[in-house]
Every structure is written in C-alpha cells, then in structure tokens.
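Below is one structure, written out as structure tokens, with a few remarks after it.
The values are calculated or read from the model by the stated rules, or taken from the named source; none is laboratory data. The shown structure was predicted, so the numbers you read here are calculated from the model rather than taken from an experiment. Here the Cβ positions follow ideal geometry from the backbone for every residue, glycine too, while neighbour counts run over all protein chains shown. Heavy atoms of the whole protein, side chains included, go into the accessibility calculation; ligands, DNA and RNA do not. Shrake-Rupley method; radii C 1.70, N 1.55, O 1.52, S 1.80 Å.
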Amino acid sequence: MAELVPAKQKLVNLRGLLQKQQGEIMKAIPKGLDAQRFTRAALTVFARTPKLLDCDTNSVLGAVMQAAQLGLELDPGMGQAYLVPYGRTCTMITGYQGLVALAMRTPDVKSVIARAVYAKDLFEYELGLNEKLIHKPTGDADKGELTYVYAIAKLVDRDGMIT
C-alpha cells in the first residue's frame, strides 16, 4: 500500500533532492545565471503547484535540468518555462517568452516581437509574394476574445543588414 506523505514533507524532500543536485544544476546552467536563484524559483513553483509534488522524482529532476540547460527561468511571472504535471510526470513546457529568449541568443536574430490579436482589433494579413500584416489594437477596455497570436523576427543577413 502506498504511504501518504503530507505536501509539506514532500516539499522538504524535494528541497533536499534539489540541494543534492545543486552541483549538477551549476554545471548545466549557462554562464551568467545563478544556480541557487534558479533552484529557489523551482522550489517556489513546487510550493505553489502541489500536484507537482506527486510527480515521479526522475521526471521532476529531468524537467528542472531541462530548464537549467536551456537557461530558462521557471518563475511563472517571466513566462519563459513552466513545470506542468501530467499525471505523475513533471514536464517542462517552454513559454513564448522562453522561445523569444532562446531566439535572441542566436547571432542572426536582431529582434523578436510577439503579439496577441483580439476580436475587436483590426487585423489583416496577406500571404504570397508581397506578404502583408496589419494589426491595429482596439482602444476599447473590452478587447473581445483572443483570436490570433503572431511573432515577427528581424534577422541579420550575411552582409550584416537587418531583414
């Protein structure tokens, strides 16, 4: 029969496990990021999402290490990476801010913007040889439902020109 462990004890156990793995996290995390801060953010996520405490330990470590290797923040406010419980499996999901952060690390990417389009916005696009995108957000407080999202990246070509 499975033993029931209170959430508080599970969090204490997880804290101990992550502290044991601190050296591995430090090896995995890119330069410029603080491994201790990263671990504290991960623990905060687990404290705020109790279902994550029921996940298999290996999947928890795998998801945390994946975020560390990519150098993505687990703080939900940053929108870079999320830990999501699927049954007993903890999965790291890259958020759109994380995709932007990863793209910006590439020397060929000059800038990336991501936008949300709502029902009351003026939004037109045209595909083909002369592609076009027009998006004028509504000034209304009630924007309507979310209808589309899009991203535009400006790249640097071989001659150093932005396209």
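Structure summary
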quantity: Condition check for LEU33: of a type in the set (A, V, I, L, M, F, W, C), more than 24 Å from ALA101 (Cβ to Cβ) and open to solvent by less than 90 Å² (accessible area, probe 1.4 Å); calculated: no
quantity: Count of residues meeting criterion [within 16 Å of ALA42 (Cα to Cα) and of a type in the set (Asp, Glu)] in the range 85-108; calculated: 0
quantity: Residues that are at pLDDT below 95 and among the small types (Gly, Ala, Ser), drawn from the range 106-120; calculated: SER111, ALA114, ALA116
quantity: Tally, over the range 108-142, of residues that are among the acidic types (Asp, Glu) and farther than 30 Å from GLN80 by Cβ; calculated: 3
quantity: Residue that is of a type in the set (A, V, I, L, M), farther than 23 Å from PRO6 by Cβ and in contact with a strand residue (DSSP E or B) (Cβ under 7 Å, 6 or more places away or on another chain), where the choices are LEU74, LEU99; calculated: LEU74
quantity: Residue check for VAL100: free of Cβ contacts under 8 Å to residues at least 60 places away in the same chain and more than 25 Å from ILE152 (Cα to Cα); calculated: no
quantity: Matching option when the condition is touching a residue at least 24 places away in the same chain (Cβ under 8 Å) and within 30 Å of TYR148 (Cβ to Cβ), among PRO85, PRO30; calculated: PRO85
quantity: Test: residue in the range 12-22 that is modelled with pLDDT under 85, among the aliphatic types (A, V, I, L, M), open to solvent by 60 Å² or more (accessible area, probe 1.4 Å) and more than 16 Å from GLN80 (Cβ to Cβ); calculated: yes
quantity: Members of the range 121-163 found to be β-branched (Val, Ile, Thr), at pLDDT 90 or above and either open to solvent by 80 Å² or more (accessible area, probe 1.4 Å) or over 21 Å from LEU99 (Cα atoms) (or both), listed by number; calculated: ILE134, THR138, VAL149
quantity: Strands (runs of 3 or more DSSP E) contained entirely in the range 50-120, each with at least 2 residues that are surrounded by 15 or more Cβ atoms within 10 Å (Cβ to Cβ) and touching a Cys at 6+ places or on another chain (Cβ under 7 Å); calculated: 81-86
quantity: Checking ALA28 against (1) more than 30 Å from ALA114 (Cα to Cα); (2) out of contact with any strand residue (DSSP E or B) (no Cβ under 6 Å at 6 or more places or on another chain); (3) surrounded by 13 or more Cβ atoms within 10 Å (Cβ to Cβ), the condition it does not meet; calculated: (1)
quantity: Some residue of the range 135-143 being over 30 Å from GLY23 (Cβ atoms), part of a strand (DSSP E or B), without any contact (Cβ under 8 Å) to a residue 40 or more places away in the chain and not basic (Lys, Arg); calculated: yes
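For every residue, the table says whether it meets (1) over 23 Å from GLN21 (Cβ atoms); (2) of a type in the set (S, T, N, Q).
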site	(1), (2)
ASP56	no, no
ALA63	no, no
GLY77	yes, no
VAL100	yes, no
THR106	yes, yes
ALA116	yes, no
ASP121	yes, no
LYS154	yes, no
